[in-house]
Amino acid sequence: MRTSLQGATIALALAGSVGFAAAAQLNLTSAQQHTIYQGLASEKGQTAPAGFQAKVGEKVPQSLSMHQLPSSVSSQVSAAKDYEWAKLQNNEVLLINPKDRQVEEIIMPSSTTGSAK
């Protein structure tokens, strides 16, 4: 019994570490963030759904429209090419993992970064 419990504990620990590695955030440089923000500057922001607060790791509601990055942006910032974006009315740009709809990066209109949780 103890051996099988130990084995299950090790298996869970390994599975958890694999999940953590897969969930690594983008960690874009300020120059990359600037490139993305400038590429989406003319896009209109949308109202955030009631109760939704944009935070890294937060799941985006289905009612928030996500879009693929323009090729002019994704070609310059290849690290973000597999992510989608949504722009809020406050001009924050959210980079979202389309597989699980989780916010991976928040690009603020100013020079501050939104990668802190």
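Count of the stretch 53-77 residues, restricted to those that are surrounded by 12 or more Cβ atoms within 10 Å (Cβ to Cβ) and either part of a loop (DSSP other than H, G, I, E, B) or polar (S, T, N, Q) (or both), is 14. Taking only the stretch 38-78 into account, find how many residues are more than 13 Å from Leu94 (Cβ to Cβ) and of a type in the set (D, E, K, R). Here the count works out to 1. Specify the residue that is modelled with the highest pLDDT; the eligible residues are those in the stretch 26-48 that are closer than 17 Å to Asn97 by Cα and either of a type in the set (Lys, Arg) or assigned to a loop (DSSP other than H, G, I, E, B) (or both). Selected residue: Leu28. If you check Asn91, Asn97 for being surrounded by 14 or more Cβ atoms within 10 Å (Cβ to Cβ), touching a Pro at 6+ places or on another chain (Cβ under 6 Å) and not small (Gly, Ala, Ser), only one passes: Asn91.
When restricted to residues that are of a type in the set (Val, Ile, Thr) and more than 13 Å from Trp85 (Cβ to Cβ), the stretch 30-71 contains 2.
The values are calculated or read from the model by the stated rules, or taken from the named source; none is laboratory data. Nothing here was measured: the structure is a model prediction, and the numbers come from that model. When we count neighbours, we look across all protein chains shown, and the Cβ atoms used for this are built from the backbone with ideal geometry, even at glycine.
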